[in-house]
């Protein structure tokens with residue numbers, strides 16, 4: 001009986017491994033990563049350098065969100081800004097347009113005019129902005145990514161890998177403004193000369209084809225082929241999929257997102273020592289509890305935790321007041337953080353303070 005059970009279990013494991021490794025997309029390169037940890041869940045030539053078309057705009061849009069300041073700020077377009085081939089959000093010379101609308105023009109309409117305008121408005125020139133893009137990539141630790149254009153138009157040295165593009169998307173989706181734009185099916189904007197209302201529709205069909213989708217970006221040129229970055233959040237799980245040069249990207253991404261979500265599990269992590277005593281400035285001590293966390297991580301992933309608490313505290317302390325934190329770490333990334341709060345109110349102990357001063361006074365008199 002034990003032998004039968006053992007054989008069955010081994011068979012199931014082999015089936016699971018076969019399913020993961022045997023699945024192939026129509027793409028030249030593909031990857032699925034955990035959106036919290038960055039860990040690779042599935043890969044297919046994911047380190048091969050390839051051009052990435054308009055998925056480039058993920059980095060352009062991220063820099064707009066990070067460096068643009070107030071996104072309601074308006075600029076007036078110049079001929080240099082809007083003279084660019086390819087997809088467009090419809091900008092003309094002399095249009096008044098906000099940074100907010102440029103963001104949505106890039107992410108929904110994949111506007112090369114929006115990317116070019118962003119580059120010149122923020123960097124002063126396309127060349128300067130591209131340097132900012134490459135600097136941001138280096139800060140992320142990317143070694144197989146190089147930008148030449150802010151829009152994704154083909155250039156010899158314009159490339160990334162499926163894996164590094166997934167990491168760029170992971171970074172971008174941590175920005176609230178970017179994430180909101182990436183997940184928008186449509187957007188009601190106002191720009192022009194004079195500005196007038198118009199509605200843009202997102203080119204990303206997955207927003208209507210797949211449940212729990214949260215973006216991200218499409219792309220296409222003759223050299224790059226069809227490129228797509230997608231992301232899904234479901235039941236606390238978060239996965240990002242990338243395909244480069246893929247003729248069947250819509251179906252491939254539905255399969256990849258399903259696969260990625262199936263390879264993530266929820267774990268409840270409880271610190272070994274959950275109760276700590278902290279000294280209070282009035283001489284008392286009180287106990288605090290470190291909360292457990294239920295988090296979603298890749299199967300068999302190792303999760304550690306880091307507890308941050310002060311050596312002592314000053315009164316008064318209110319019940320529920322944050323006095324520290326516990327961070328849960330996977331793959332060297334801080335994937336989840338919870339506050340550590342006081343369990344009780346702690347007031348000044350007047351008797352102890354009075355006793356301290358009496359002792360201090362007595363000591364002075366002896367001197």
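The values are calculated or read from the model by the stated rules, or taken from the named source; none is laboratory data. Everything numeric here is computed off the predicted structure, so don't read it as measured data. Methodologically, a virtual Cβ is constructed for each residue, glycine included, from the backbone with ideal geometry; neighbour enumeration extends over all protein chains shown.
Some notes on this structure:
- Complete set of residues in segment 155-195 that are crowded, with 16+ Cβ neighbours inside 10 Å and part of a loop (DSSP other than H, G, I, E, B): 158, 161, 175, 183, 184
- In segment 129-148, residue farthest from residue 69 (Cα to Cα) [restricted to those that are in contact with a strand residue (DSSP E or B) (Cβ under 7 Å, 6 or more places away or on another chain) and not in a helix (DSSP H, G or I)]: 144
- Candidate set from segment 34-48 (those that are surrounded by 20 or more Cβ atoms within 10 Å (Cβ to Cβ) and closer than 16 Å to residue 266 by Cα); member that is farthest from the chain's Cα centre (by Cα): 41
- Between 125, 151, the distinction of being modelled with pLDDT of 95 or more, touching a helix residue (DSSP H, G or I) at 6+ places or on another chain (Cβ under 8 Å) and surrounded by fewer than 22 Cβ atoms within 10 Å (Cβ to Cβ) belongs to 125 only.
- Residue within segment 111-128 that is assigned to a helix (DSSP H, G or I), under 20 Å from the mean Cα position of the chain (by Cα) and in the same structural domain as residue 243 (by TED's automatic domain parsing) present: no
- Enumeration of residues in segment 49-84 that are buried (at least 24 other Cβ atoms within 10 Å of the Cβ) and out of contact with any helix residue (DSSP H, G or I) (no Cβ under 9 Å at 6 or more places or on another chain): 51, 53
- Of the residues examined, residue 211 is one that is out of contact with any strand residue (DSSP E or B) (no Cβ under 6 Å at 6 or more places or on another chain), under 30 Å from residue 334 (Cα atoms), surrounded by fewer than 16 Cβ atoms within 10 Å (Cβ to Cβ) and at pLDDT below 95.
- Residues satisfying the stated conditions in segment 20-39, i.e. at pLDDT below 95 and within 23 Å of residue 245 (Cα to Cα): 20, 21, 22, 23, 24, 25, 26, 34, 35, 38, 39
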